[in-house]
Amino acid sequence: MYLLLVFLPLLGSLQAGLLGRFLGARGAAIVTTGCVAMSALLSGLAFYEVALSGSVCTAPLSNWFSSEMFDAGWGFYFDTLTVVMLVVITSVSSLVHLYGISYMSHDPHVPRFMSYLSIFTFFMIMLVTSDNFLQLFFGWEGVGLASYLLINFWFTRLQASKASIKAMLMNRIGDIGLALGIMALFSQCQTVKFAPAFACAPFLSDTPFLFCNMELDGLTTAAILLFVGCIGKSAQLGLHTWLPDAMEGPTPVSALIHAATMVTAGVFLIARCSPIFEHAPIALAVVACLGGMTCFFAATTGLVQNDIKRVIAYSTCSQLGYMVFASGLSQYSVGVFHLVNHAFFKALLFLGAGSVIHALSNEQDMRKMGGVVQLLPFTYSMMLIGSLSLVGFPFLTGFYSKDVILEAAYATYTISGNIAYWLGSVCVAMTAYYSFRLIFLSFLAPTNAHKTALQHAHDAPLLMGAPLIILAFGSIFLGYLGKDMMIGLGTDFWGNSLYVLPQNLVLLESEYIPQSQKLLPLVSTLVGGFLAYLFNYPLAFAEKGYRIKTRLVGRKLYTLFNKRWFFDKVYNDFIGQRALDFGYTTSWKKLDKGCFEVIGPYGVAQTFPIWSRHISRLQSGVIYHYAVIMLLGLTLAITLVAMWDMLEVFIDPRFYFLFLITFLFSTVPGEQASASKATSPS
């Protein structure tokens, strides 16, 4: 059952990709969706057997690398963390497959699209089920490859090609860090398997380790390098720029990347490596601070975006910041719980946005929407449920995880805990603002849409609507049903899959923080929603908002946020352009066309014409001539090596240098005269 769960999406992908011309669009869609749906059903059974019944399962498959101390095989490990991730991945992926059948029905390349979706799911399953770092890295790279293929699905569009290359490059930077982290762990533990590496973690703390010719703490270095991989994959501050541009792919791709696969891989890796991070407190502080800063950065940027998918993309980046800083505060269970909840309401938001774009003739600019609530009542209700769950409205799914993250951050009395708490609290109001702004501009405000778009507007058909209904139920009830099981006080749900030191357990203390701190997220949500109503719905206040935006300070802030804090400009001007300038000016003009050509064809060959002509005679093109020369050279080399001690006694080694100079510069007089005749003008 477990191996079938893993390989069914691969089977569906191969069938759709290799046999798509025979199956057709409908056949490929049925095969891939059926395989992923069957995998989702088996994931539910695995969840019951492993998580609820407490029966951890391992399934070794075959050998892969075996060389003395290095041993890495294909094997699968199913614990509570794995099966929770499997339920999220396969269930959301099957709904995205179902949605994509209708959304991509007019595209001529449906078999290729469905094949890519399934291979994406397979690589993510490989990532979360691996029992060693090397197999995890295989899934990690496979997810990056699949994201490149899906973002670049419409490869004739220049922006899609640019976005896919950008995603690949940014993730390669993070992957280098992950690879170095795995190497650092192997150099200290002599294994890439999870269990022995985690068992060695307590003994590696405060162990010196030489990295880049600097002596550092071994475990902290390995943990931070692993986190660099998470920064790239989970779009944390610094390597986040690929995530908004990934919107160039089809909307089902965006839902799959942002909700269930790729971006969740980094959070999963931190949770999986919790024994390593727990014994590296400096690395934990780095994780918490960077997660808080990512949360704040993405929330401020999402305030002023106008593309409906880009707003939701920055929302994903902000929510990933919540998950990462929760993990950095040793609250791995809360971070993974928020990951599970976020997957459902974020998939609902993306698929709902796809329904709006589909209805309005591929229009994505919210300034050209509005007033379509009566034309799209079903889509509006789904988007409203997703937005309310995202902002943490009481008793919806997001409320049960986001509030607990902030309470745990308040109860963590460290500098990193305070930084994460205040940044996260400010982001609550911003999240409410951009979420309700999206609702007002897209559905409720006076319409700015083109008449032709409104004329053909239609609500979601059955195949697009059914996944939205299922995700809406998850966005309403999942947090309530799962809170006590996953993060309730005293629960043993996670077992040994998550490791937390006793002094880092603060969930009990977070229950007794002041009531005002518990109500702060709700108050911030209401304030953010009210401000979004004032500045985006009534025309009078919208004009005041425009005046604030066009003043000196307001204009500069708006420009800063709208231009994404100029991260892309800094990368392009100070890194990309410098690299291109070096490649053209220094490498090509000065080295290739300058130094090397002067020394080479225009230097040595012109300086020693006679010598070069003699050497060229040896290139006769006859094989046995070459064989004789090689044999004589080899014999001479062996003779010199064997008789070196004897030659040193009788011959001064400096004579060899004189012999070489004499050989190079001496010529026969007749040949010199003939050479001068050949070069003299006639």
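So here's what we get for this one:
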quantity	calculated
Amide N of the range 221-264 lying under 11 Å from the label point, which is placed 7 angstrom from the Cα of Leu158 along Cα→Cβ	none
Cα shape, the range 485-593, gyration tensor, a/c 1.5 rule	oblate
Degrees, to the nearest 10: 552-562 long Cα axis against longest axis of the chain	70
Rel. contact order, % - alpha carbon contacts under 8 angstrom, at least six apart, the range 1-107	26
Distance between modelled label sites at Leu631 and Gln455, nm, 7 Å Cα→Cβ extension	8.9
Between the range 412-454 and the range 468-496, the Cα center-to-center distance that results, in Å	24
Cα gyration tensor of the range 1-279 - equivalent ellipsoid semi-axes, whole Å, descending	33, 23, 15
Cα-centred dipole magnitude for the chain, charges only on beta-carbon of K, R (+1) and D, E (-1), debye, nearest 20	2640
Tensor-based shape of the chain (alpha-carbon gyration tensor, a/c under 1.5 rounded, otherwise prolate or oblate)	prolate
Distance between the range 8-55 and the range 275-340 - C-alpha centres, whole angstrom	31
Under the Karplus curve 6.51 cos²θ - 1.76 cosθ + 1.60, θ = phi - 60°, whole-Hz ³J(HN,Hα) for the range 356-365, x wherever Gly or Pro sits	5, 4, 5, 6, 9, 6, 6, 8, 10, 7
Cα-based shape type of the range 420-524, given that a ≥ b ≥ c are square roots of the gyration tensor eigenvalues and the cut on a/c is 1.5	oblate
Principal-axis tilt of helix 281-302 within the chain, Cα atoms, nearest 10 degrees	70
Degrees between helix 133-151 axis and first principal axis of the chain (Cα, 0 to 90, nearest 10)	80
Karplus-derived 3J(HN,Hα), 6.51/-1.76/1.60, for each residue of the range 220-226, Hz, glycine and proline x	5, 4, 4, 5, 5, 5, 4
Calculated from backbone phi, Karplus (6.51, -1.76, 1.60) coupling profile of the range 312-321 in Hz, x at Gly/Pro	5, 5, 5, 4, 4, 4, 5, 5, 5, x
Taking Val87, Val31 and counting other C-beta atoms within 10 Å, the order from fewest to most	Val87, Val31
Positive-end extreme of charge dipole, the chain - chosen from His109, Ile469, Gln190 (charges on Cβ)	His109
Within straight-line cross-link reach of Lys593, lysines at Cα separation under 19 Å, skipping those fewer than 8 residues along the same chain	none
Selected from Ala255, Ser274, Ala223, residue furthest toward positive end of dipole (the range 1-279; charges at beta carbon)	Ala255
Burial ordering of Glu407, Glu68, Glu511, Glu141, fewest other beta-carbon atoms within 10 Å first	Glu68, Glu511, Glu141, Glu407
Hypothetical label at Gln190: residues of the range 58-75 whose amide nitrogen lies under 11 Å (7 Å Cα-Cβ projection)	69-70
Under 5 Å, built H, 5+ apart or other chain: amide partners of Ser234	Gly266
R0 of 45 Å, Cβ-Cβ distance Trp64-Gln619: FRET efficiency to nearest 0.05	0.45
Phe211 long-range amide H proximity, modeled H, under 5 Å	Leu216
Translational diffusion coefficient (Stokes-Einstein; Kirkwood radius from C-alpha pairs) of the range 47-114 at 10 °C, 1.306 mPa s, in µm²/s	104
Approximate spin-label separation Asn496-Ala642, in nm, with each point projected 7 Å along Cα-to-Cβ	6.3
Exposed chymotrypsin sites (Phe, Trp or Tyr not before Pro) absent - longest run of the chain, DSSP non-H/G/I/E/B, at most 13 other C-beta within 10 Å	156-394
Relative contact order of the range 1-279, defined on C-alpha pairs under 8 angstrom at six or more residues apart (%)	18
Net charge dipole size for the range 1-279 [Lys, Arg +1 and Asp, Glu -1 on Cβ; Debye, nearest 20]	1000
Listed pairs Lys309/Lys549; Lys166/Lys346; Lys368/Lys549; Lys451/Lys544 exceeding 25 Å between Cα atoms	Lys451/Lys544
Ellipticity estimate at 222 nm from DSSP helix runs (n ≥ 4, -39,500 (n - 2.57)) divided over the chain, nearest 500	-22000 deg cm²/dmol
Nonlocal amide H pairs with Asp71, under 5 Å, H built at 1.01 Å	Val192
Difference of contour (0.36 nm per residue) and Cα-Cα distance, Ile176 to Gln517	118.7 nm
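Where a number appears in this text, it was derived from the coordinates with a stated rule and is not lab data. For clarity, every value in this text was computed on a predicted model and none was experimentally measured. Methodologically, a virtual Cβ is constructed for each residue, glycine included, from the backbone with ideal geometry; neighbour enumeration extends over all protein chains shown.
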